[in-house]
1. Please pull out the direction-averaged projected area of the stretch 263-333, using the convex hull of its alpha-carbon atoms, in nm² to one decimal place.
2. Using alpha-carbon pairs under 8 Å, 6+ residues apart, how would you state the relative contact order of the stretch 11-141 in percent?
3. In debye to the nearest 20, how big a dipole does the stretch 152-196 give about its Cα centre with +1 on each Lys and Arg Cβ and -1 on each Asp and Glu Cβ?
4. Just in the stretch 297-397: which trypsin sites (Lys or Arg not before Pro) are loop by DSSP and have at most 10 other Cβ atoms within 10 Å?
5. Please list the equivalent ellipsoid semi-axes of the stretch 280-397, computed as the square roots of five times the alpha-carbon gyration tensor eigenvalues, in descending order and whole angstrom.
6. List the pairs from Lys171/Lys339; Lys280/Lys333; Lys215/Lys323; Lys62/Lys124; Lys62/Lys333 whose alpha-carbon separation is above 26 Å, in the order I gave them.
7. Under 20 Å from the 7 Å Cα→Cβ point of Arg160, by amide nitrogen: which residues of the stretch 197-230?
8. Could you tell me the relative contact order of the stretch 291-377? Use alpha-carbon pairs under 8 Å, at least six residues apart, and round to a whole percent.
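The values are calculated or read from the model by the stated rules, or taken from the named source; none is laboratory data. All values reported here derive from a predicted model rather than from experimental measurement. When we count neighbours, we look across all protein chains shown, and the Cβ atoms used for this are built from the backbone with ideal geometry, even at glycine. Only protein heavy atoms, including side chains, enter the accessible area calculation; ligands, DNA and RNA are left aside. Shrake-Rupley method; radii C 1.70, N 1.55, O 1.52, S 1.80 Å.
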Amino acid sequence: MEDLQVGVGDALGTDYLLLRESLTPQQREFLLRARAFVDEDVLPVINGYWERAEFPWPLIKKLGSLGLIGDGIVGYGCPPMDPLSAGLIHMELSRGDGSIGTFVGVQAGLAMQSIAMCGSEEQKQRWLPPMARLAAIGAFALTEPEHGSDSIALETSARRDGDHYVLDGAKKWIGNGSIADVVVVWARDVADGQVKGFLVEGGTRGYSAKVIEGKGSLRAVWQAEITLDGVRVPAANRLPGANTFRDCARVLVGTRGACAWMALGHAVAGFDAALTYARKREQFGKTLTSFQIVQQRLVRMLADVTAMQLYCMQIARLAEQGKLAPTLAGLAKMHNTSKARHVLNEARDLMGGNGILLEFHTIRHMADIEAVHTFEGTETIQTLIVGRDITGISAFV
């Protein structure tokens, strides 16, 4: 099977509209730096980590030295990058592996952005520089066992007690929650009923996290179930700019856009794998690419990938201009994750039985896109949010 081995990225024939020509030198440099890390460090080893459900510490250590973590945050040791550069990094890391892409999405897009957008100057100075180097790991604790899509109904409570807050409750699906040095916990203040943000430092008494086992998606990144039992947090650890759920929602707008880029990375990986495989695989005396129906399926996959690229490029432009509304990010997330699922399903099918082997990569991406399709707002929820925006009628509470 050596002659059929697919190294994702061999073809990279996905820039059909020549979009790379519009990139600035800095944007192209971020793209190529992330791509080199994926091709040289991630792809040769990631299947083993995924199969063992093992967190890839050596890859994370290397990633921390590349100056790719920051998601556009200005200053505080973060590499200067515009929204398009940040998106290209998300795309490339997910092209390599969804677990690494998700880890960075949590680290930079959720935890670091919460501190950057809502934190005090002291909190930013303390946490953002080491987080940009991955010398400190962050987590973002919003989702609860009984509150997924209706996250605004969260029940975790925060009660002021002198110069501390006391947090009680439970969270679920918290990426990095078992390994984080700092966790952004969203809780409802019993004094006024508003949702606020708190920085819980690793090792705080009453905070416990258990890694969720048995996942069939994103197996090389750890999500946790968290219990907060009388966790005492200094009042200085409350995020002063996080005073209502709307402040949390401001953070989530950016991560929904990042999900669109991540989905694009998964789809590119699937298309490249299928095209490379079809060029090499011979059946009935000729390569798969010689058959009309195979060409048709590849072209339709390319059309989907190209549409996903255009969505991503535009939301990056809107983010640069400060015009990326939640509904626009949600539409891009909904479209791209749905199209990525289709592309990966086609890719796996075109590769026949080999498509289910990890060595050909596609099945890993096919499993991982299921999680991306779900987190940060499911397709159904994003559809209803956009539907409310265009009709003026809310079909959900």
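1. Orientation-averaged projected area of the Cα hull: 5.1 nm².
2. Rounded, it is 27 percent for the stretch 11-141.
3. 180 debye
4. Lys323
5. 34, 16, 13
6. Table pairs above 26 Å Cα-Cα are Lys171/Lys339; Lys280/Lys333; Lys215/Lys323; Lys62/Lys333.
7. 197-200, 230
8. Dividing the mean separation by the residue count of the stretch 291-377 yields 27 percent.
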